[in-house]
Every structure is written in structure tokens, then in C-alpha cells.
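To start, the structure itself, in C-alpha cells.
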Amino acid sequence: MLVPHIHIVDTTLRDGAQSPFIMFNDKEKIAIVKMLTEKGVYQIEAGIPAIGKSEQEIIKKIKSACPNTQIAVWNRLNIDDINISLECNADIIHISIPVSYRQIHEKLKKDETWLLNEISEVLSATIGNAKEVTIGMEDASRAQMDFMLTVVRKVQQFGISRVRFADTVGIMTPSTVYDQISKLIKATGIDVEFHAHNDLGMAVANSLAAVQAGASFIDTTIHGIGERCGNCDMDKFIFAASSIFNSNRSERVKGGEHNG
């Protein structure tokens, strides 16, 4: 089975760093980015600038040390956070938007109308100041498809061409991933990035199903480290994708090579 190019988005320094007992110093972070760059990883999520000055400074150092690497930074749907990120010289401003009822109503104590208005305000203030903006749909696996389509169409009005479908709590299976990603792409034509968590031990399998459904960006971490049970293991995913999809690693999987 041949598929479009698969772009690896590595989030070792953001989601991977949330793994218990995992902590990287500045020297290690730069070394990791250099290694991932040498492997051909398409994009690296370097951190969350709103955490504080030390996070902002290391992101700047990473970009300076690896000027040709696509560096992304993670943000809440908050213009103050984004303004901080804009000062870090990142290539991509990634904005995470909660899309499930639980996240919107129970966590934020807001509603869908507020969220859609906030999206418009934040994107109006961000587009034009950032080199590139991508959107993440937080807790997409527990969200209603109709509302996700509304969110995607809203951000497309601002020229957004890629959204991250996040299985934030790690509850999806390959069949549900395939169904949801297929519907999203068919209805909107948007480029989809899939973000898996390994709570059920299916992060790699779910990521492969996302590719089968049409996703062209897959989030990974080194050795699958990450919050709770971890994320999609980059090396295992590349090996499996190269085998299952008959992909030429150097041409079709934009994320490196399997070392096994």
C-alpha cells in the first residue's frame, strides 16, 4: 500500500518531557534536536514558552543551534502565551484548542460559543505575526464530530491548513482512529496530524491507522516516552510504516531511519 509522504513531528521535548522522572538539561535538549535533525525529522516541538524564562531561552538557543530545523512551540488558546512564543523565533506557533464537552464546560467553565469567539480573536491577533500557525484539537477523541468540523472550518477561514487530532486521554483503537480521521478529512480537506497516547498500548497501531485514513503528519517521541503511559514510539512507527506501506524511508517517511 502506497501512501502520501508521512511527516514525523517529534514532541520528545514537550510531551515526552512530561514523562515521570524524565528531565533534560539545556545541553541534552540541543543534542536531542541535533540528533533528530540528522535523522531527518520534519518538525520538532521544542517546548512551551509560557512556562517561563528558562524555557524561552533554551528554545531560542535550540533555534540558533539548528537554524534549518522546523521548530514548533506549544500554546494554549491565550494571546498572552502566544505573544511570548512569538519572541522565541520559532517557525511554527502551535495553538491547542479544547474541543470536547468535558474540556470546554467542566475544565474551562465555558461554552462552545465562547470558544469559537476566542478562536477568532486569537487567530486574528496571531496570523500575520507568526511564520506559520497550526491548530491542535485537544481531547478530540472524546469530542463530537460535528463540533470538531465547526472548529476546523472556523480555523480554515484564517488560512490554517493543518490540525492536530489529539487522543489526549489515550482511549482510541485503530478502528475508531480510522473512522474519525477519515470523516474529518473527507468533510474539510484539511491536513491532519495525529497525536497518540499509549494508555491502551496502541499508540503505534493508532498512528498507522491514522496514516491509512489520510493523516500525513504523525507525532512521536524517542522511545515513546511521554505523559502517563507515553506517546507513539518514533523508531517503532517508522519501522512499521516502512514495512506496511511499502514506503521508501528516504523518500516517503520524513522522519529518519530505523536502527534495529
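Quick note: the coordinates plus some simple rules give every number you see, no bench work behind them. No experiment lies behind these values; they were computed from the predicted model shown. Every residue, glycine among them, receives a Cβ derived from its backbone with ideal geometry; neighbour counts consider all protein chains shown.
Take every pair of alpha-carbon atoms less than 8 Å apart whose residues are at least six positions apart; their mean separation over the length of the chain yields a relative contact order of 24 percent. Placing pseudo-labels 7 Å out from each Cα toward the beta carbon at Glu106 and Gln156 gives an inter-label distance of 3.1 nm. Subtracting the Cα-Cα distance of Arg76 and Arg228 from 0.36 nm times their residue separation leaves 52.7 nm of extension gain.
With R₀ set to 30 Å, the beta-carbon distance separating Lys186 from Ser120 gives a calculated FRET efficiency near 0.75. Measuring from centroid to centroid over Cα atoms, what is the spacing of segment 38-93 and segment 213-244 in Å? That distance is 21 Å. Given a 10 angstrom Cα cut-off, can you work out which residue in Val177, Val169, Val211 is the most mobile in a GNM of the chain? Of Val177, Val169, Val211, the most mobile in the Gaussian network model is Val169. Using the rule -39500 (n - 2.57) for each DSSP H run of four or more residues, divided by the residues of the chain, the 222 nm mean residue ellipticity is -12000 deg cm²/dmol.
For segment 116-172, the fraction of C-alpha pairs farther apart than 14 angstrom is 56 percent. Volume of the convex hull of segment 110-214 (Cα atoms only), normalised per residue: 98 Å³. What pairs in Lys110/Lys183; Lys110/Lys131; Lys61/Lys236 have C-alpha atoms more than 32 Å from each other? Beyond 32 Å: nothing from the list.
Orientation-averaged projection of segment 1-86 equals 7.2 nm² [convex hull of Cα atoms, one quarter of hull surface area]. Binning the C-alpha pair distances of segment 140-192 at 5 Å intervals from 0 yields a P(r) profile of 4, 19, 34, 25, 13, 4, 1 %, listed from the shortest bin outward.
Neighbour counts of other Cβ atoms within 10 Å put Thr113, Thr134 in the fewest-to-most order Thr113, Thr134.
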